[in-house]
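*Asks:* Sharing a structure here in structure tokens format.
No value in this document is a laboratory result; all are computed from the given coordinates. On a predicted model such as this, the values are computed, not experimentally measured, just so you know. In this analysis, Cβ positions are derived from the backbone assuming ideal geometry, glycine residues included, and neighbour counts consider all displayed protein chains.
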Amino acid sequence: MFDSSNTNNVSNITEEVTSSVTSSNSGTKSISPSERSVSDSDHSDHSDNTSDESDTSDSETTTQTDPFIIKGGRPKGSTVARSLELQKNIEAATRESVQKRMKQHGTRLQKGTIAATIEECSQKHNLPHSVKIKVGTVKQRLKRKSTKGTVGQCSPMEAIEPYIVSIIIQLANMRIPITVSQGLQLCNSIISGTRFKDQVAEFKKKNCRSVTEELGRGYWRGFLKRNKHLIASKKAVKFDTKRAEWCTYLNMQEMYEEVYTALVSAELAVKHETSYWRDVKGEIVELEKDAFGCQSQYELIHPDWLIFVDEVGSNTSQAKDGRVGGELYLCNKNGQPQQRAATKDAHFTVLGFTAANGDPLMCAIIFAAKAMRDEWTLGFDPFVEWIGEENDIEKNLGEGKVHPMGPACNYNGKHVPCFCCCSESGSITASLLVEMLKHIDDCKVFDRSFGLNPFLLLDGHGSRFELEFLGYINTKETKWHCCM
């Protein structure tokens, strides 16, 4: 449900580049790079009494001219990417040079040994000849007994930032981008209940004045700055959701492959080396005429753990109902047939949770209201007689009685009552979807002790990408595999 590389932030390494651009009559641009120098922010101490003190003459930056021609300009973004890659290679070469010198600790070196080590490491990491690492940089790190070029603290979020970046990029690719404020909420939601949450709280207590233990705007600004080569905040543009444009054979094929691959990862399906025809019972058959569906390499081995769900909106008002099959009614010659019908609007949404083996799992009903009323959950059948006294409500609850309740299901030997809830618009929300999954889990329908987790296949409605829903399905105790 994506990997993204994250370039380490290299502190205390500076690069000064002066370029002169001249235009010729042919329209090409000639650029001559001048001196580039690389050093730590902590300069070497002139009073250093190490045995390598005689090597200071090698720390001078040399100037090399290697003119080259650029035609048509550089690809967009390549300059930033190249700069970050160069900084990464410089830091790697510097650290390796320090490590090699540390292994030789206690031995007196010949003059120029550190410079030779730097040159060797620079070639190994493909540094340009115009970039020179100063000997003083290596000496200063040796003096601190550290390979790092920074003495500052590293954020405890550094390890999981690539994962956060990958989620942001994936949501944008799915045309469901999140706002800047939602991005910060996403970060806090991901670390909630994990060891990273405690590490962030300890870090802020030690290094910040903030009284809160959550990530704030300062962290978010730093996060965007560290990953500016991968993500950016921009104004959104609208796009036309024409189904005819994306409902192609290749897109459908890709969608099915993604679903099948996810099922294999969830251990609910297996992939065979050969494609087979299968009948309606899932048995392998030789001829296409005996088969049900297309040939496939995939076999669903746990269909009772694969759940489908979709919502259907409706209205109790019959004012705009059309004729059923063009049915006609009789009336006088100049009259118009009229039927009794409810005209009061009462929006509601029905969701049917169904397993891949065809068995119903749960029915959920969402009423358009600010608060639920008991009679909506009980239901009412006016054609059934009341049993007992006026206050005998329990005697009149259940199928075939005055209050039949919603449709209940029996799945894997568990009784799953109808789930009734409400929202102001009568449509699905992330919190309601979470409550529905909780309702199923509370009924102990799926025994996760076998090492399997239920798999939910649903559409790409925006509620599926809200933090509350993502947090629930990724919690170990209530893990759900979801594919959209």
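*Asks:* Here are some residues: Thr274, Thr261, Thr212. Which one is over 30 Å from Leu86 (Cα atoms) and in a helix (DSSP H, G or I)?
*Replies:* Thr261
*Asks:* Residues that are more than 30 Å from His302 (Cβ to Cβ), at least 1 per element: which strands (runs of 3 or more DSSP E) completely within segment 377-484 meet that?
*Replies:* By residue number, 419-423.
*Asks:* Evaluate segment 134-155: report whether one residue or more is within 30 Å of Leu470 (Cβ to Cβ) and exposed (fewer than 13 other Cβ atoms within 10 Å of the Cβ).
*Replies:* Scanning segment 134-155 turns up at least one residue that is within 30 Å of Leu470 (Cβ to Cβ) and exposed (fewer than 13 other Cβ atoms within 10 Å of the Cβ).
*Asks:* Can you name the condition, by its number, that Met436 falls short on among (1) within 28 Å of the chain's Cα centre (by Cα); (2) more than 16 Å from Thr377 (Cα to Cα)?
*Replies:* Evaluating Met436 over (1) within 28 Å of the chain's Cα centre (by Cα); (2) more than 16 Å from Thr377 (Cα to Cα) leaves (2) as the failure.
*Asks:* If I filter segment 201-220 for residues that are under 18 Å from the mean Cα position of the chain (by Cα) and surrounded by 13 or more Cβ atoms within 10 Å (Cβ to Cβ), do I get at least one hit?
*Replies:* yes
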